[in-house]
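Heads up: the structure comes next, in structure tokens.
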Amino acid sequence: MFENMEINFSYYIDKKKISVTFNDNFSNDDFKAIVNFEKFNSYKKIKVSIVPNRELVIEKLCISTNYSFKEHDMVFVNGYQSWTDSREFFIDEKLSTISKLATPIIKKYQFDKYGDYTFKKYSRKSGEFHGYTYSYIRNGESINFIGSLTEKNGYTIIQQFAKNNKIIIDKDCTGHSINSEYVPFELVSIDGTENNVFDLYFDLMNIKKPKAKPMTGWTSWYNYYQNINEDIIIENLNHFKDFDKNIEIFQIDDGYQTYVGDWLDIDLSKFPRGMKYISDAIKTKGYKSGIWLAPFVCETNSKIFKEKPHWILKDSHGELVLGGSNWSRFYALDIYNPEVREYIKNVFSVVLDEWGYDMVKLDFLYAVCLVPSKTKTRGQIMTQAMEFLRECVGDKLILGCGVPLGPSFGLVDYCRIGCDVGLDWNDKAFMRMLHRERISTLNAIRNAIGRRQLNGRAFLNDPDVFLLREDNIILTETQRQTLSTVNHIFGSLLFTSDNIIKYNSKNHLIFDNIMDLKEKKIHNVESFRNGLVEVVYSQGESKYLAIINLKNKSISYDNNKFSELKELYFYKENQDTIMENTLKLHPYESRVFTIKGD
């Protein structure tokens with residue numbers, strides 16, 4: 001890859017547009033381009049620098065290269081942020097986007113702000129994909145990988161055009177003004193097997209393996225949502241201790257504060273003794289304490305919005321920047337305003353030092369870079385924002401959420417890698433016409449599988465909760481079991497929101513099995529057109545095969561790879577089940593087997 005590349009650069013000088021194309025070092029009266037290409041045994045690197053002779057305003061900057069797509073290739077698409085659907089696509093599939101029929105509701109609820117819809121045009125053609133920071137093309141167990149080594153100068157958008165045998169790597173820098181050296185591309189191309197490729201990629205970025213350890217816990221959101229109070233938290237806390245559940249952390253989610261943005265104004269009708277009392281109570285039981293924040297936004301009902309309008313981010317027309325429709329609608333804060341930065345620092349000082357919380361879940365982070373400035377791209381803003389958060393939090397734990405992943409590599413301890421799990425499987429049909437960041441248990445499962453390679457390299461993966469309870473939920477027992485199986489295999493932060501006092505003996509046993517976080521290694525994952533996913537992984541000295549059916553139909557799995565498979569006891573009463581050559585999986589069912597003699 002990169003051998004037959006072209007670099008296309010369009011820019012403005014004094015409102016005059018100029019376009020040039022080059023594939024090596026280049027210069028004209030306006031700028032000099034330095035193209036550094038290096039080839040090693042196992043990878044190739046390219047670095048492109050633009051040195052202007054005068055101020056330039058970038059209109060477009062991209063690299064195009066030829067690639068010979070094959071019939072059975074699969075393309076991995078890394079979505080814009082945590083919640084965006086991300087998986088391997090067959091080359092004749094389409095990338096979903098907002099339906100034109102949903103335009104009125106999108107405008108009303110600002111759903112387009114959650115993803116990249118305001119700045120990236122979507123193709124509606126099959127075989128045309130785009131994703132962010134890294135991507136690969138898989139053929140069997142071999143992958144051809146492309147990745148950006150940094151997003152600090154702008155998001156890297158990797159586009160595949162399978163029918164045209166073309167790959168275009170775009171830099172999100174339209175409107176960016178430069179008057180000194182600008183390095184838009186630092187890219188690497190790696191060929192090999194999955195684990196070797198991703199190990200090398202993070203080595204080349206000089207991102208060290210996370211110091212944090214895999215962790216299990218409870219979070220309030222997916223049972224109580226904002227309807228939490230002191231009694232509910234203490235009740236659930238006592239139940240976990242009474243049942244001697246082996247978890248590490250208890251996290252309080254949204255609902256403790258009066259309004260989003262006013263983080264130190266506690267709703268005393270819900271938490272009369274404040275949030276330090278809750279943290280102390282959690283630690284008395286022997287757990288770490290966690291709490292949710294959305295540090296870069298404030299809702300319209302908040303004191304911040306009403307009393308500090310100069311803290312709100314403004315677009316190029318001077319309009320306040322809406323981040324979405326949650327709560328009473330919310331706006332992005334301007335983190336380059338010194339008052340905002342001091343406020344956020346103080347919030348973390350109180351939450352972490354005075355209240356004593358061990359982990360902060362930081363959500364809706366994408367909002368900080370909704371609008372680029374003339375001198376800062378979205379990627380640069382997001383990267384600097386994440387560095388700022390790491391500085392504020394220090395050695396305490398960060399769980400990132402609602403964040404573009406590239407700028408968070410190496411800066412958060414844990415990170416959500418999928419959308420919110422729903423209380424049903426895949427939401428209503430109309431909702432599926434909306435944004436790719438919507439709530440969906442199916443998409444959360446797909447993302448846990450699709451972004452598996454980040455786990456233990458960029459951070460520890462949070463696949464979101466698993467739920468075993470039978471009340472306040474629409475998911476069937478089979479769907480709940482598949483969700484918990486996937487989280488167990490691919491997650492390093494395992495949360496539930498269940499009130500375990502309502503568990504029966506079977507649920508308690510499943511819970512204890514799922515929460516076993518012995519180190520796992522994923523050997524191979526294969527997705528089939530019929531909806532089955534085959535996973536081979538090991539844990540300790542044992543090796544396993546998981547077969548997962550994500551479709552609403554029964555599917556047969558023909559075993560022609562393994563000599564003897566004995567069913568792992570997660571959900572089955574019979575521990576001695578031996579898998580025959582053909583296995584029928586019911587809709588949404590997952591089965592796990594121990595591989596013997598392999």
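The values are calculated or read from the model by the stated rules, or taken from the named source; none is laboratory data. Only a predicted model underlies this, so the values are computations on that prediction, with no experimental measurement involved. Heads up, the Cβs are rebuilt from the backbone with ideal geometry, glycines too, and the neighbour counts pull from every protein chain shown. Calculation scope for accessible area: heavy atoms of the full protein, side chains included, ligands and nucleic acids excluded. Shrake-Rupley method; radii C 1.70, N 1.55, O 1.52, S 1.80 Å.
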Practice task
In debye, nearest 20, what is the charge dipole magnitude of region 310-442 about its Cα centre with +1 on Lys and Arg Cβ and -1 on Asp and Glu Cβ, if you could check?
Solution key: 560
Exercise for the section: Please arrange 205, 359 by accessible surface area, largest first, computed with a 1.4 Å probe and ligands excluded. Expected result: 205, 359
Practice task
Please report how far the C-alpha centroid of region 75-151 lies from that of region 320-339, rounded to the nearest whole angstrom.
Solution key: 25
Fill in the blank from the handout: Toy charge model, Lys and Arg Cβ at +1, Asp and Glu Cβ at -1: region 215-264 dipole around Cα centroid in debye, rounded to 20, equals 120
Fill in the blank from the handout: Computed Rg/Rh for the chain (Cα atoms; Rh = Kirkwood radius) stands at 0.97
Practice task
Could you work out the relative contact order of the chain, using alpha carbon pairs under 8 angstrom and six or more residues apart, expressed as a whole percent?
Solution key: 13
Exercise for the section: Find the accessible area per residue for the chain; the probe is 1.4 Å, ligands and nucleic acids are left out, and the unit is Å². Expected result: 41
Practice task
Compute the signed sum of charges (Lys and Arg +1, Asp and Glu -1) over the other residues within less than 12 Å, Cβ to Cβ, of residue 193.
Solution key: -3
Handout entry: Total formal charge among the other residues, if their Cβ is under 11 angstrom from that of residue 114, Lys/Arg +1 and Asp/Glu -1
Key = 0
Problem - Cut-off 16 Å (backbone N to label point 7 Å along Cα→Cβ of residue 193), residues of region 526-556 - result: 526, 535-539, 543-544
Exercise for the section: Of the options 351, 139, 118, report the single residue whose Cα projects farthest towards the positive end of the charge dipole of the chain (beta-carbon charges: Lys, Arg +1; Asp, Glu -1). Expected result: 118
Practice task
With +1 on each Lys and Arg Cβ and -1 on each Asp and Glu Cβ, and nothing else charged, work out how big the dipole of the chain is about its Cα centre, in Debye to the nearest 20.
Solution key: 1080
Practice task
Filter the chymotrypsin sites (Phe, Trp or Tyr not before Pro) in region 33-119 down to the DSSP loop ones having no more than 12 other Cβ atoms within 10 Å, then list what survives.
Solution key: 40
Handout entry: Calculated from backbone phi, Karplus (6.51, -1.76, 1.60) coupling profile of region 320-332 in Hz, x at Gly/Pro
Key = 5, 9, 6, x, x, 9, 4, 6, 9, 6, 9, 10, 7
Problem - Nearby aspartates and glutamates by direct alpha-carbon distance to residue 306 (threshold 16 angstrom, same-chain neighbours under 8 apart not counted) - result: 262, 265, 319, 334, 339
Practice task
Note down the net charge around residue 156, summing +1 for each Lys or Arg and -1 for each Asp or Glu among other residues with Cβ under 15 Å from its Cβ.
Solution key: +2
Practice task
Take the alpha carbon atoms of region 205-252, find their center, do the same for region 459-522, and report the distance between the two centers in whole angstrom.
Solution key: 13
Handout entry: Estimated 222 nm signal from helices in the chain, with DSSP H stretches of n ≥ 4 weighted -39500 (n - 2.57), rounded to 500
Key = -5500 deg cm²/dmol
Practice task
For region 453-564, build the charge dipole from Cβ charges (+1 Lys, Arg; -1 Asp, Glu) around the Cα centre, then report which of 530, 453, 479 sits farthest towards its positive end.
Solution key: 530
Completion exercise
The FRET efficiency for residue 92 and residue 118, from their Cβ-Cβ distance with R0 = 35 Å and rounded to 0.05, is 0.80
